[in-house]
Structure formats: structure tokens, C-alpha cells
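Working notes, beginning with the structure itself.
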Amino acid sequence: MSQDVNTTSPTDGVKRREFLKVIGASGAAATLVGCASDKVEKLIPYVSSPDNTVPGVSSYYATTCRECAAGCGLIIETRDGRAIKAEGNPEHPVNQGALCARGQSALQGLYNPDRFRGPMIREGGKLVATTWDKALDAVKAKLVEHKGKAASAVFINQHEQGSFPAFLDQWLAGFGLAPHIGYDAEAPLAAVAANRAAYGVSWPKLDFSAAKLIVSFGADYLDGWGLSVQQQLAFSEARANINEAPRVVYIGARRSLTGLNADSWIPARPGSEKAVAEALLAAVKGSGSLKSAADAAGVSVASLESLAKELLAAKPSLLIAGGNGEDATGTALAVAELNKALGNVGVTIKPAEGSLAYEGASSHAAVREAAERMAAGSVSLAIIRGANPAHTMPGAVKFADAFAKVGFKVSFSSYPDETTGLCDVVLPDHHSLESWGDAEPVKGTLALQQPVMDPVFNTRATADVLIALAKAESALGAKMPVDYRAFIAGRAGGAANLTAALPKGFTNGSVLAVGAAKAVTPKSGAGISQSQGAYFLHVYPSPILGDGRGANKPWLQELPDPVTKTLWQTVIELHPETALKLSIEQGDHATVETAQGSLTAPVYLYIGIRPDTIGIATGRGHTAYGRYAKDCGFNPMLLLPTVEDARSGAVTLVSTKAGLKKATGNSRLVTTEGSGRQHGRGIARAVSVDQYRKGELHEEKEAFVGQASTAFLPGLRSPVANDAQGELGDPNSKNKGQYDPNHWSGAAKRRWAMTIDLAKCTGCSACVTACYAENNIPTVGAPWQGGQVMPDRTGFGANITRSREMAWIRLERYFEIDREPKDVEFNPDFETRVIPMMCQHCGNAPCEPVCPVYATYHSPDGLNVQVYNRCVGTRYCSNNCPYKVRYYNWFGYGEPDRTQYAFPEPLHWQLNPDVTVRGKGIMEKCSFCVQRIKEAENRAKLEQRELKPDEFTSACAQACPSRAIIFGDAADEQWSVAKMLKDERGYHVFEDLNTYTAVVYLLKVNHPSPAAATKA
Amino acid sequence: MATIAQPSHDGPRRPNIASANVQLPAVKDYEQVDDEILATLVPTKKWFALLALAVCFLMVGIASWMYQIHEGLGVAGYNPPVMWGVYIITFVFWVGIGHAGTLISAILYLFRAGFRTTIYRCAEAMTVFAVMTAGLFPIIHIGRPWKFFWLIPYPNWRLLWPNFKSPLVWDVFAISTYLTISTTFLFIGLIPDIATLRDRCVNPVRKQILAMLSFGWRNSEAEWRHFVRAYLFLAAFSTPLVLSVHSVVSFDFAMALTPGWHTTIFPPYFVAGAIFSGIGMVFTIIIPIRKYFKLQHYVTLNHLDAAAKLALFTSMVVGCAYIVEFFIAWYGGVQAEQDYFWNRVFGQWWWAAWIMLTCNMILPLSLFSQKLRRNPSWLWILSIFINIGMWFERFVIVVPSLSHEFEPWQWTTYSPTWVDYGILLGSFGWFFMWFLLFIKQFPVLAISEIKEIIPPKMKGKGPRGGH
């Protein structure tokens, strides 16, 4: 937006916070002082300590995640009054302790340097800082003016589950205004509408474990569609039970992460999903031919016939419909009929145990209709909270233009987003981690949301602002609670109950039910096949950034898309075949044109998309929204027409064709992908389920010639670097070296190790963000972190184009195709493997002997340790690491006075005080969360006991929504990891290099279609 | 080699016996030697201009380095996992150049190769300055250059020692030893010449300094006896260093697991390459010197011819090593190694590999022709190609290996930035600055040794008296 948003803070300052900052930062600062002659920061103790606060010891608060509508349970770790880590609440019914990348990034929303630091008011065409009194007076006056004029005021609220929507409607009613619009650009509204019609609930529970066959009609249940974490937990659990695991078939024009995790892909043309579902329904019922559906979908009849056969054979199955097409509800209803016909309802689809996440969400049509009223000039007061329709609505709606015509606009947003930039008054809301709330993730369970720390800035909780406005201006005030905390206490059954329930995070109860959203007639289109253009335009919600609300968080910007592996950049996904036809190569610019506009971006060649389809992710292309989001990438919503799903009024992301032509220019893709092929290196390995059953687990051809050993267990115990070839390396040797738990020296009784089950891992990348959060890993892709000093690379991701990302753990995504992307013809049958790669903590580590100063060495409990203070930065260790998991501080990412500083105030409040912030010129890598190991060991020592099995785990394992990562002591049989190590699927990567790694991967297991299996 | 002279067995061993091929027919007597060679010490405008240019290059290098220290190594073109780049390449390049000097002055001395006489001083000075240049690069290369002394084993209250298993620590010893010995060797060889300078000097201060540097050389029989002993001892002492230093440098690579590095052929291969590059640099330097100082009758075509044969021989050794590397990659059957070598020659890095093969293996074959061996212009052009080729040899070893390792996900590319180029340029500025200063302070041809190979003036035969 053109208006400047002034975010300077008012004068009342943050003195107390400065004080806390000094306390928390001093740990990190003291370490820095040790190695450089930087200025010394003083450690100031509390004069009188707050209750229950021990400096250096964390407190934990249970609350509810608000990053999407799912409502996962959170445990926030706070240290000295500051939230430093978000983890899943292990007891929460939705996420059971796991947490996705977006949920973990809530902290970067809390500490976002571009947050409003206090209320703002428009003066002279610019938003300037003001006081709460002045801002509230301005709003009050307008409210009084509009009292009772329901048609002239609009309140758009970001949809969230809980009592707030109903509370808001009560408040609006008190002023005689119409109920609010609960807008969620990501909500799968078509599926919700179909679920209501078919199963009677908005969101039934999907039981993946019970199914023998899973068929997804464009439902990206691993990409953030629906209750992402819950679905992933269930899916991975089902797939890990290998003999009973369901086979997965994905139907859709583009293989999303869900599609890549499927065993087969039926690449149906956009718009044909409904025909396919209906034809399958007919086929399952024993009538009709699949020919016409196959033609409409552009797939082979055989593939649909074999699917129909499988559906009849594999009962129960689980069919899930998603997608964002024009008749998505129709597709979902047809799929629901299929589920009913196959007897899946109640078996794999459990309406009784559903979620209430999408109750009360309004249709996109309602927002569009409001925009039309605004454009017509009949709205004179608009209030917006959380949502950002100026960015997330299709370009054809022209929301920003319409919104600008409203006489008086109020925003409760915390961030200077596009919509807020147009507003006259900003009353910044507390972040969800600073405010009270509730949610009902499962019927009858009231999940609580509580402040985990004092507000970072001069913000106020919207609910409390509403209460204050009501109390001052109307008779409604008397009915209002004292504050929103009191209101929540009321829902939880009284203040005493609330206090008792808070440590756990939830209690029995229910939220205040919101009334049904106003029905708005959707605007349907003429059908995708009728629109102009040679290619189908497949716009999809980014699994990382969602509708764009994640774009201001550097952790999410720097998290590679699980499929394309691009970051800080919007790419146009094209199939290599199409690209060849247009003589476009990877990185060449191309222009996508629709009737609404055009977009020019670099091309990413993706073999998992139909050759007649163009894929573009949402989420980027902000024109405001802070330093990390503004001008980064492009917004494909601007290409979309106003076409809504005919029954649910949901926005249709796949509803138009587009023209495509090569544009001038070429840019380096901002990607972490080197080669997306394994080249026979045997890194991510897999077997088919038949091989698994026959015990043919380890193919010799994947090992290097002359290296036959697959007996990996001794490797874990005999890691003496200078005896790699000798007695200790011999699996039959009795002498297991100093790592033998029974070794006479008693040097070590523990051997920290990790197993990663590739049958479970989906590649979602939540572990990556967990690692960033736990280990103070700097993000390096902002333009000022590289572009300024490398004139040949500018813009977002400049450092990443030189592979300088710092992620200690990365997800490698390999396509099992020999050829490199540019010469691959379309073939839907390709396998994808993902493998998390981090420091393998080799027993015989190649990095250790080459370090000239002992900056890396081996600890007796099996860790490969990196001593930051001792490192002089020769980088030899990295050269000698076969796994390439060492990361170097090319710039002073951790030094506040540098342009490349990765944690601008107050982002650095999140830094983990237990982990050193690294200076420039030194090497770093995965430490197996050594700070967590030491914390647990110290705690056990203080309590005069031994470590309990599985007492703690690493950050990646803690977050993993697939539960694929297990960390612990391999030398103690009671730990889970010691049991997992014995799994027959285990293997070491590059075992033949004699590195004796402490990370054991378990083979992925594929489930080929019965037809393919018999053919083989 | 044809030019290796037979040592004389009668009387005390003399350092050099002239053979027919290396005699200097145009040099008549000792005075002519003194006059002509000392005439090169007079500063000229051209010399000042060249020195100014070298200092400018050095300034560019210093500025680039300061910028890099301030901002971090990110300003250089590193592209992980290519964690070593131009600086390590240039380090090995300069260490390699430093080899020819000691080879020529020490090994050829022991072998009584007469052709070394006129070129060894130049080569030896080149060695010292090349090693001085090379020694800077590990410091420029590391992330925290202000901590480089941690690589040196010095007693400290933390009782921390460097890791003696690390080849980088071996480098510290190898380079520092080599620099010490080659500097000493250069200086010892200079003593009689410094004495000559002292005798002719008129500036009292300068005379005093030269007198100190010459240790009061009086040209006595005893002094000569000690001198020859010391020289022989140092020559014998330096000889194994020629082999060991570059072997140790090659261990930086050979001790690693990295495909393309992990090979036992590296020590001999690196030594041969180092000598080859050193002789290339000798040509680069000596040919202009003989032309502009008009010393063609000292550094004769016969000398150049002999040195060119040495270049041809080492080029063939290096070429043989290239071929053996490919053979072993195929024969070893390690897939990562095979992929890497394929990628080196026909993949991503084909241009670098072919520059290397053309300059180091193919072009030097022209030296089979005697005509070209005796053509200084061609030798000079070829030497430039050899310098480029040898720089690229190290490029091909360092960069493609790291960019194409075991992990396909981490395969990358590499392109240096202006900072890399600036520091590379600065290293040439640094080297030539010292060299240019040297040639105006000390005779670039060894006066005393040249006097040994010209026929001594007999009484009454010449227009002037004897020495």
C-alpha cells in the first residue's frame, strides 16, 4: 500500500522489559564476551524476585495455538518472564505434544520487530503513534454515530474457534450492529459444507489407522488442510504399522506434500474431480463405465479401473475430498456418497468424534459481498481484526479499493498488513500468547488460552477494548464481564476452576456457540474449461505461509517449501515437458496471464504437476506486512476471478485458465535443493511392503562395492577414531572401546543416539523450525543479510542462492528418477523419498581429526561436540563431512551491531539463554540438543537419581508431528531409541565410510498398487 | 640430462663445474661480471613504475582483506559445501611456485647441474617471496584470522595444544620450516655477493649495513672453505624439504574423505606440479629480466633450453598423475569418486578441467621442439599458460571436489566475488613488490658463482690485471 505505516513507539517505553532483556541476554552475552572484546553487559539480579521465579530456570504455561483454526494445545517455555519456545501440549487431544512449523513460529509473531508498538491514528494521510485514550475516543465517537445502523457497518474478524466470535456478536448486537464476518482464507469451507450435509457435523474425525486404503481427492491433509497436526499424527501412526498400513492414492492435478506421500498418483485434470468421484461411485455400485470420467480427467481408464477394484477389495477405506475447485462441495458430496457406499462412515470417518474448528466460519462470499457494499459506498464504518482480506481475497474482488472507500476504518491488527495500512485507527491487539481465550477442539473439552508473559508492546487485548467501549457507551456495559479473563473464567466454571485447569491447559466445558453465519449467494463461474488460456492455473495455499499470514516470520520464510524446496520466493511450477515446449529452463522468468492480471516469476521445473497445469503457491507478494514480507515474491490471488464454490461460497483457487509465455530474464532459484536425485547413493532407502514381508530389506547394490556389512549396531558402540579399522571396529570383537557401557574405565555409560523412521516421516519440516527455535539458528535470507555485501546477488534469499542457509537439520527430498529435471517426460508413477539430515554424531567422525585446534572433538557419551569459542574457522571439518551438515557463520548473524543481524529487536527476546549465539567466522552444527541433555542430567543429579528412560528428548523429536524421530540413550535398553535401534529396517547412511553414525534410519516402506505388484 | 656436468675429483670439491653447454662465451672477465650485473642495481623509471603498480595491486588486496575481516567471509564467493575457494587455491599455487627455487638452488646444486648457475638466485628469491605470499593465505582464509596463533603450539595457561593429527597443523610446521630454511639458504648464498656490493659501495651508511650483512667477508681461503661447507649442508638440508613441504600441503587434501582428494598419489603429484609451476614462474621472471637488463649472454639459450627440458619432464609427470587419477577412480570402483571425475571433465566443471589439461599437459609438449625451447618469447608465453594452468589445477582439485561430494542434495556451484579477485591480485602485488625491491638491492644473478664458470683471467693475458 502506498500509505506509510509509522511504527515508532510512544514515549512510555519498555523500561522493565529492557531490564529483563539484560538479565536474559547476559548469559549469551557472557559467552560472547569470552571470545571477543565486545562491550561487557552487566548481570543485574532481581532485588526481590517474583514468586516462583528462579533465574535461569524455565516456567511453562499451557495455552492454545492461534496460528490456524485447528486449535492445538501449546506449552510455552518462558525464562525470566519471556517466552522462548513453543511446544505441543502432550496431553492435548488434538496435537498430543506435536506442533507444526507455523505453530512454533507464533513466537516470531509475538516478537515481530514490525509489530505496532502502540495505538496508531491517521494524521495527514499517515498512520502516526498516538495514545490509547485518543484512539479509543475516535472509535467511540464513530460507534455512537453508527449505533443501530446495521447496514452501514462491517466487522470482519479472523475466524478462530472459541467463545470470542459469539462474544463479539453479542457486543455488536449491543450497538445494534450486524453480526461479524468470521473470515478464514484457509478454511476448507467446501469440505465443511459437504461434511455438514453428508455426516451432520462440520469436521468428522478421520481414522487413518482403521483404513486399508486412503484416497485423497485433492485433500492435502499433510499440507495444512484441516487439522494438520492431528491428521499427520494419525497418518504416520497408520503407515508405521507396516503390515497393516494403508495404501495411499492421491487424485489431483499437482502432487502436493500429501501427494508425494501417496503410493500412487492419478493426475486428474483440474475441474474433473467430481466426475471421477461420481464415476467411481457408479463403478463401486457395479454400474457405469469409467471411460468418460477418465477422458475428462485426462488419465488412463486402467488407473481408475484398478482404483475401483481396490476400493471394493480394501475395506474399510478412507476417502477424503479437499480441493479448491469450482464445485468442490459437489466433489466432496460425491466422495461422501462413496464413503457411505463402501461402509466407511463410522469406521474410518467418525462424525461423533469430530472437531469444532470450523464452526462459525463465514463464507468468502460474505466478505466479497461486504466488499461490494463498501465499493457502492453504503458502508461508513469497517472494523477488522486479524484478517487481511486486502491480500487474501482474489484480485477481481478489488477488496483494497472497496475498503478504501469506507468512511472510517478501524483495525485491531498487531501488524502493519495491507488492510491495516488503509485504516484510520489501529488499536493493536495483544498477541495470542499475551491474551485470554478459549477453544473447543473436541466437543465437551474447553481448551484455555492464557497470557504467557506480560505484553511486549503497548497493546491491548481486543476483547478488553470491546468491554471498555461497551462499558463507556451503552447500557450493554452492565451485562459485560469485568474483563475477558473473567468471561473465560465463567466458561471454565469459575475462577477457581480456571486456576486449577490452567496448568493442564484444558477442562470440561464448552465455548459460547456462535449463531449461524448469514447466507450469501455465491457467485459461480462459467466453469474452468470455459475460461481463456492454454493452461490450468492451480493456485494452492502454501503449506508453510498459509494464506500469507506467515510471511512476516523469518523462520517460515526461511523454511523450504516441503515440495519445491524454494524459500523467500514465489515460483511458477511447470512440468519439464511444458517448459521444454516453451524452451524455458529452470530459473527462467515466465509470465502467467489471466483476465485479471499477470504475474512474472522464475520457473521451477516440477515433475509432479500435469503438463497442462501451472502451479503457484499463495502466501507471498505482500505490499506491506513488515520487513520480512514486503516485496518478497508474488501474490497469485491477484490472478483469480471472483468465482465461488456454488454451495459453500468458498473461494475457488482453481477456477481459471491462464496464458503462459516466456519472459526475459533469469534468476537463481532461492532453493536448498542441490540435486533432487540420489544418483544411487543409497541415502534415503525404501523397500516395497512385499520385500518387507519377505525380509529382503537391505539391497546390496545400494552399498559400495567391497562393503558388505549391514550389521550396524556395533558401530554405535565402537567409535574410537584412531582405531576405526582395528579391533574396536570389528563387530565380533569383545572390546567395544570406551563407549562400551561396561567398559572397565567407566568412561561412558551413555551413548546418545537417534532413530528416524522414514516410513513415518512425511517431510513436513516442523523439526527444522523446532531446531531454529531451540538452538538460536539465524535466518539469513533477508535482503540486508547478503545482498548488500554481494552486489551480484540482491533481494530476498541472496545468501541462500549461495547455499548459506543455517538449518542444522534439513529435509532432503529425492525423486526416484535417474534423470535430472530438464529431460523428464510426464509420468505420474514416480516415487519420492524424504529424509531428515543432521549431524550424524559419528563415532568415528571425519570432522574431528582434521580440526587443527580441537574445536570439534568427541565426548565420552558419544556426542560430536563443537566448541564455538575454540573454532578459528578453517572449515576443514565441513570439507571432510560426508553428510555436509556443518554450517558456517559467513557474517555476524549473531552480532547486534551488524546489518546482517538475524534477530532485530525484539526478535532476540526469543533466543534460548541455554545456547550460545554464534559470532561470525565459526562453524556450527546439530549438537543433539546438548543443552537439553545437560539440563536433564543436572536435574537428575540434583534429585539424586538416574535419568529416567525417555525423560527428555531433542527439540526436533519433540515437535515431530509424525513421531518419526526418536532420541535417547542407545546404551540403556529401557529407552525407546534402544528398542528402535533393533528394528530390522535400520541402516546407517554411508555406512561404508566407517563413520559409525549415531543416527539410524529405518527404511521407508512403499505400498505399490496390487496391479503393479503382480506385474513385477 | 645432457647438461649435468661431471664432478671433478681432483682437489677440493667445487660447487659447480662448467660444462660446454653452460659456458658463457660472451663473458670475458670478472670485471665485466661485476660491472654488468651490478649495473642492474641502478633504479630506473621503469622499475619505479612497476613497483608503483605492484604496490597498487597490494593496496587493492589489503583493502579487500580489511573489508572481508570487517564484514565476514561471506563477502567472498563461498558457496557451501564449497568451504574452500580462491584463498586455498592461491595458497597452494604460491607454495608450489616456491618449490622451483629450492629445487634449482639445492637439488640441482647437489646434482651438479651447471645450468642452474645463472638462474638460481632469481629462483631462490622467488621462492622466499612466494612462500611469504603463500603463508598469508591460510590466515586470510580462516574465519577468525585474529586467532590464527592458536594453530601454533605455544605454551599457554590453558594447557591447550593444537591437534597434531590435523594436516593443517602439519602445514604450519612445513611452511614455517620451509620459509626459515629457504631464507637462510638465500642469505648464505648472497654473502660473497654482498661483499662485492660492499666493496663498490660509496654511501657510508649503506656500506655499513652491507658490511654487517656480509659478516665481514674477506674472500679468504678459510672463508670460502666454510662457505662451501655451509652451502652444501644447507643444500642437503633443503632437499628433503622440497619434497616434504608440498607433500604436507597435499595431505590437506589427501587425508580427507572427499572424493577427488582421498588418494595416495597426491604427494608425488603435488611435488611434481609444484616444481612444474615453479619453473614456469622462473621463466616468467627471468626472461624479461635477461631482456631488460641485457643479460642474454649470462642467461644463455642453453640455460633456458635446459630449464625447459626440466619443465617438459615435470609436465609429463603431472600429466601422468592426471591420467593415473582417472584410472584409479575407475579402477577403485567407488561410485562417488567415479561420478566426481566424470563431472570434473565432462560435467559442471569441464571448462576448468580442460584449461588445466591444455595448459599443463598439452601445451608443454611443444617443448619437444628444440626450436621452441630456444625461443624465449615462446617460453615466456608458455610460462604464462603454465601459471594459469597450475592455478586451475588447484581450482580443479579444491572446488569441483567439494561441490560434488557424497550428498547429492548438497551439490552446488561456486563463483568468486570481487573480494576473492582483489585478494588474488593483492597477492601478486605483494610478491612482485618484494621481488622488485630485491632486484635493486641484491644482484639477481649470483656474481660469485658466475665467476666460477668463466675462465679465470691469467696473468698478462687481458687488458687489465687479475682479480
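Being over 25 Å from the mean Cα position of the chain (by Cα), closer than 30 Å to A:N869 by Cβ and either of a type in the set (S, T, Y) or facing chain B (nearest Cβ under 9 Å) (or both), is that true of even one residue in the range A:764-773? Within the range A:764-773, not a single residue is over 25 Å from the mean Cα position of the chain (by Cα), closer than 30 Å to A:N869 by Cβ and either of a type in the set (S, T, Y) or facing chain B (nearest Cβ under 9 Å) (or both). The single condition among (1) within 28 Å of A:R373 (Cβ to Cβ); (2) crowded, with 21+ Cβ neighbours inside 10 Å that A:V452 does not meet is (1).
Only residues that are touching a helix residue (DSSP H, G or I) at 6+ places or on another chain (Cβ under 9 Å), over 24 Å from A:W265 (Cβ atoms) and either of a type in the set (K, R) or part of a helix (DSSP H, G or I) (or both) were counted across the range A:193-228, and they come to 6. For the range B:173-201, the tally of residues that are within 28 Å of B:I69 (Cα to Cα), surrounded by fewer than 20 Cβ atoms within 10 Å (Cβ to Cβ) and not hydroxyl-bearing (S, T, Y) stands at 2.
Residues that are touching a residue at least 60 places away in the same chain (Cβ under 8 Å) and either under 24 Å from the mean Cα position of the chain (by Cα) or not assigned by TED's automatic domain parsing to the domain that holds A:S976 (or both) within the range A:933-961 comprise A:S954, A:A955, A:C956, A:A957, A:Q958, A:A959, A:C960, A:P961, listed in sequence order.
So which helices (runs of 4 or more DSSP H) are wholly in the range B:327-431 and hold at least 1 residues that are crowded, with 21+ Cβ neighbours inside 10 Å and of a type in the set (S, T, N, Q)?
B:376-403
Scanning the range A:855-889 for residues that are within 7 Å of chain B (Cβ to nearest Cβ) and part of a helix (DSSP H, G or I) yields A:Y876, A:S878, A:N879.
The single residue among A:L281, A:L290, A:L318 that is within 34 Å of the chain's Cα centre (by Cα) and among the hydrophobic types (A, V, I, L, M, F, W, C) turns out to be A:L318.
Selection of the range B:107-159 for residues being surrounded by fewer than 24 Cβ atoms within 10 Å (Cβ to Cβ), more than 14 Å from every other protein chain (Cβ to nearest Cβ) and either at positive phi or of a type in the set (K, R) (or both) yields only B:R112.
Out of everything in the range B:35-66 that is aromatic (F, W, Y) and surrounded by 15 or more Cβ atoms within 10 Å (Cβ to Cβ), what residue ends up being nearest to the other protein chains (Cβ to nearest Cβ)? Of everything passing the filter in the range B:35-66, B:W65 is nearest to the other protein chains (Cβ to nearest Cβ). For the range A:229-244, enumerate the residues that are surrounded by fewer than 24 Cβ atoms within 10 Å (Cβ to Cβ) and closer than 19 Å to A:S264 by Cβ. Scanning the range A:229-244 gives A:A238, A:I242, A:E244. For the range A:286-300, the condition of being assigned to a helix (DSSP H, G or I), at pLDDT 90 or above and within 27 Å of A:Y183 (Cβ to Cβ) holds for none of the residues. Scanning the range A:376-400 for residues that are under 20 Å from A:V425 (Cα atoms) and not in a loop (DSSP other than H, G, I, E, B) turns up A:L381, A:A382, A:I383, A:I384, A:R385, A:P389, A:A390, A:H391, A:F399, A:A400. When restricted to residues that are in contact with a strand residue (DSSP E or B) (Cβ under 7 Å, 6 or more places away or on another chain) and free of Cβ contacts under 8 Å to residues at least 60 places away in the same chain, the range A:868-887 contains 6.
Among the candidates A:S287, A:S264, A:S256, the residue that is of a type in the set (S, T, N, Q) and without any contact (Cβ under 8 Å) to a residue 40 or more places away in the chain is uniquely A:S287. For the range A:640-692, a residue qualifies if it is among the hydroxyl-bearing types (S, T, Y) and within 14 Å of chain B (Cβ to nearest Cβ), and the qualifying residues are A:T671, A:T672, A:S675. Scanning the range A:410-432 for residues that are out of contact with any Phe, Trp or Tyr (no Cβ under 7 Å at 6 or more places or on another chain), under 24 Å from A:F175 (Cα atoms) and not in a loop (DSSP other than H, G, I, E, B) yields A:V410, A:S411, A:T420, A:V425. Residues that are buried (at least 21 other Cβ atoms within 10 Å of the Cβ), within 11 Å of another protein chain (Cβ to nearest Cβ), more than 27 Å from A:C764 (Cβ to Cβ) and in contact with a Phe, Trp or Tyr (Cβ under 8 Å, 6 or more places away or on another chain): does the range A:897-905 have at least one? So far as the range A:897-905 goes, yes, one or more of its residues are buried (at least 21 other Cβ atoms within 10 Å of the Cβ), within 11 Å of another protein chain (Cβ to nearest Cβ), more than 27 Å from A:C764 (Cβ to Cβ) and in contact with a Phe, Trp or Tyr (Cβ under 8 Å, 6 or more places away or on another chain).
One residue alone among B:I287, B:I275 is of a type in the set (A, V, I, L, M), in contact (Cβ under 8 Å) with a residue 60 or more places away in the chain, in a helix (DSSP H, G or I) and within 21 Å of B:T90 (Cα to Cα), and that residue is B:I275. In the range A:789-816, what residues are among the polar types (S, T, N, Q) and facing another protein chain (nearest Cβ under 9 Å)? Matches in the range A:789-816: A:N799, A:T801, A:S803. Going through (1) out of contact with any strand residue (DSSP E or B) (no Cβ under 8 Å at 6 or more places or on another chain); (2) at positive phi one by one, A:D950 falls short only on (1). The single condition from (1) surrounded by fewer than 24 Cβ atoms within 10 Å (Cβ to Cβ); (2) of a type in the set (A, V, I, L, M, F, W, C); (3) out of contact with any Asp or Glu (no Cβ under 9 Å at 6 or more places or on another chain); (4) not assigned by TED's automatic domain parsing to the domain that holds A:W225 that A:A375 fails is (3).
Only a single criterion out of (1) within 29 Å of A:P896 (Cα to Cα); (2) modelled with pLDDT under 75; (3) not hydrophobic (A, V, I, L, M, F, W, C) is not satisfied by A:S59, namely (2). Applying the criterion of being surrounded by 14 or more Cβ atoms within 10 Å (Cβ to Cβ), touching a residue at least 40 places away in the same chain (Cβ under 8 Å) and out of contact with any strand residue (DSSP E or B) (no Cβ under 8 Å at 6 or more places or on another chain) to the residues of the range A:485-524, the residue that is nearest to A:L168 (Cα to Cα) is A:L512. Any chance the range A:834-842 includes a residue that's at pLDDT 95 or above, under 30 Å from A:A98 (Cβ atoms), touching a helix residue (DSSP H, G or I) at 6+ places or on another chain (Cβ under 8 Å) and facing chain B (nearest Cβ under 10 Å)? Looking for residues that are at pLDDT 95 or above, under 30 Å from A:A98 (Cβ atoms), touching a helix residue (DSSP H, G or I) at 6+ places or on another chain (Cβ under 8 Å) and facing chain B (nearest Cβ under 10 Å), one finds at least one in the range A:834-842, hence yes. Only one of the numbered conditions (1) hydroxyl-bearing (S, T, Y); (2) surrounded by 24 or more Cβ atoms within 10 Å (Cβ to Cβ); (3) assigned to a helix (DSSP H, G or I) is not met by A:S303, and that is (2).
The values are calculated or read from the model by the stated rules, or taken from the named source; none is laboratory data. The structure presented is a predicted model; accordingly, all values stated were derived computationally and were not measured. Cβ coordinates were reconstructed from backbone atoms using ideal geometry, including for glycine residues, and neighbour counts include every protein chain displayed.
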